[in-house]
1. Looking only at segment 287-311, which residues are out of contact with any Pro (no Cβ under 6 Å at 6 or more places or on another chain), over 29 Å from residue 72 (Cα atoms) and not hydrophobic (A, V, I, L, M, F, W, C)?
2. Just for segment 282-296: of the residues that are buried (at least 16 other Cβ atoms within 10 Å of the Cβ) and assigned to a helix (DSSP H, G or I), which one is farthest from the chain's Cα centre (by Cα)?
3. Of all the residues that make up segment 176-198, how many are in contact with an Asp or Glu (Cβ under 9 Å, 6 or more places away or on another chain) and closer than 23 Å to residue 53 by Cβ?
4. I'm trying to understand the selection: among the residues of segment 122-136, which are touching a Lys or Arg at 6+ places or on another chain (Cβ under 8 Å) and either more than 17 Å from residue 227 (Cβ to Cβ) or part of a helix (DSSP H, G or I) (or both)?
5. Whether any residue in segment 85-102 is aliphatic (A, V, I, L, M), within 21 Å of residue 187 (Cβ to Cβ) and modelled with pLDDT of 95 or more is what I want to check.
6. Could you say whether any residue in segment 250-267 is under 15 Å from the mean Cα position of the chain (by Cα) and among the hydroxyl-bearing types (Ser, Thr, Tyr)?
7. Given the condition touching a residue at least 60 places away in the same chain (Cβ under 8 Å), in a helix (DSSP H, G or I) and within 23 Å of residue 219 (Cβ to Cβ), answer yes or no: does some residue in segment 137-150 qualify?
8. Taking residue 274 as meeting all but one of (1) surrounded by fewer than 21 Cβ atoms within 10 Å (Cβ to Cβ); (2) under 19 Å from residue 78 (Cα atoms); (3) in contact with a helix residue (DSSP H, G or I) (Cβ under 7 Å, 6 or more places away or on another chain), write down the number of the exception.
Amino acid sequence: MVLCRYLPIAVTLALAACVTVTAPEVSPIPEPRSEAAPNTTASPPSELSQALARYYRSSEARLVGRGMLRTDGGGPDTPFTADELAANFERIALYDEYELVNGRFVARQSPSTLRRWTAPVRLQPHFGASVEAGRQAEDRAILGTYAARLTRLTGHSVRAVNSGGNYHVLFMNADALSDSAPLLRQLVPSINDATIREIQDMGRLTYCSIFAFSLTGTSEYIAAIAVIRDEHPDLLRRSCVHEEIAQGMGLPNDSRTARPTIFNDDEEFALLTRHDELLLRILYDDRLSIGMTPDQARPIVRQIARELVGGPS
């Protein structure tokens with residue numbers, strides 16, 4: 001769905017995943033901070049940022065022209081069974097796509113544990129100097145609507161706020177990201193240098209990214225940073241918001257075989273699908289517990305999937 005990766009690698013269009021970072025000094029809700037007044041006149045972007053904007057406009061047009069980046073949520077052409085939903089949940093929620101190796105994030109599939117939030121999720125936008133006031137208002141509205149949808153799906157409190165957030169959404173172009181280290185350290189004081197480098201040095205093939213933080217030895221998310229490039233045209237921008245924030249709720253991996261989903265490498269869907277809504281329902285079902293392994297969660301996930309989709313019990 002959304003075209004994004006954490007690491008620039010030699011593929012044409014690849015999707016995002018979620019990096020889970022242990023952060024022993026992060027408090028569950030960072031101290032409130034004042035949000036700067038919206039920019040009325042945006043700062044002119046650099047040549048690099050302008051080139052990226054042209055590239056992403058071309059990419060979006062090419063994909064839409066091929067019938068990709070669908071916004072219909074799936075339909076009669078995308079059926080799935082309860083068993084397929086359960087298998088997709090296991091791959092997307094209980095496996096990691098990246099590991100931190102020698103200070104760099106490396107693509108490597110590995111089984112993990114169930115992760116999600118217990119504290120209320122508070123989505124706080126942060127805007128770079130290139131984002132004009134009108135665009136900021138649109139982004140805030142999208143975050144607010146999406147937060148309400150996530151609350152309905154999960155039963156977990158998700159709300160957009162102007163300050164005091166624990167889930168930070170950066171709407172920034174390449175220029176602002178390159179200077180983002182002081183802000184990142186303010187938002188997550190124990191953030192490591194490797195994560196800062198990944199955010200500052202996002203390559204062109206990294207459309208957007210999400211970094212979720214948990215305390216050492218736990219699988220409970222307590223903070224997150226999503227990065228949405230300001231160079232994106234409208235559909236890719238919304239697509240990044242949908243995928244990154246949903247992944248930071250506890251769906252960190254992608255699956256090449258899952259459909260219909262935004263957690264796939266084929267860019268077929270731009271926005272959260274019915275299949276993805278069910279993944280979120282499963283993730284926050286009380287019958288599952290934070291820290292469960294794939295083997296522990298599997299029979300419970302299968303039962304929940306059958307209840308949601310139907311099929312033999």
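1. 287, 289, 291, 293, 295, 296, 298, 299
2. Of segment 282-296, the ones buried (at least 16 other Cβ atoms within 10 Å of the Cβ) are 282-285, 288, 290, 292, 294.
From the residues that got through so far, the ones that are assigned to a helix (DSSP H, G or I) too are 282-283, 294.
Working: 282: 17, 283: 15, 294: 21 Å.
Among those residues, the one meeting the criterion is 294.
3. Qualifying residue count, segment 176-198: 3.
4. Across segment 122-136, the qualifying residue is only 122.
5. Applying the first criterion (aliphatic (A, V, I, L, M)) to segment 85-102 yields 85-87, 92-94, 100-101.
Subsequent filtering for residues that are within 21 Å of residue 187 (Cβ to Cβ) retains 100.
Now narrow it down to the ones that are modelled with pLDDT of 95 or more: none.
Taking every residue of segment 85-102 in turn, none turns out to be aliphatic (A, V, I, L, M), within 21 Å of residue 187 (Cβ to Cβ) and modelled with pLDDT of 95 or more.
6. yes
7. yes
8. Of everything listed in (1) surrounded by fewer than 21 Cβ atoms within 10 Å (Cβ to Cβ); (2) under 19 Å from residue 78 (Cα atoms); (3) in contact with a helix residue (DSSP H, G or I) (Cβ under 7 Å, 6 or more places away or on another chain), residue 274 misses just condition (3).
The values are calculated or read from the model by the stated rules, or taken from the named source; none is laboratory data. Owing to the predicted nature of the structure, the values given are computational and were not obtained by experimental measurement. Ideal geometry is used to build each Cβ from the backbone, glycine not excepted, and the neighbour counts take in all protein chains shown.
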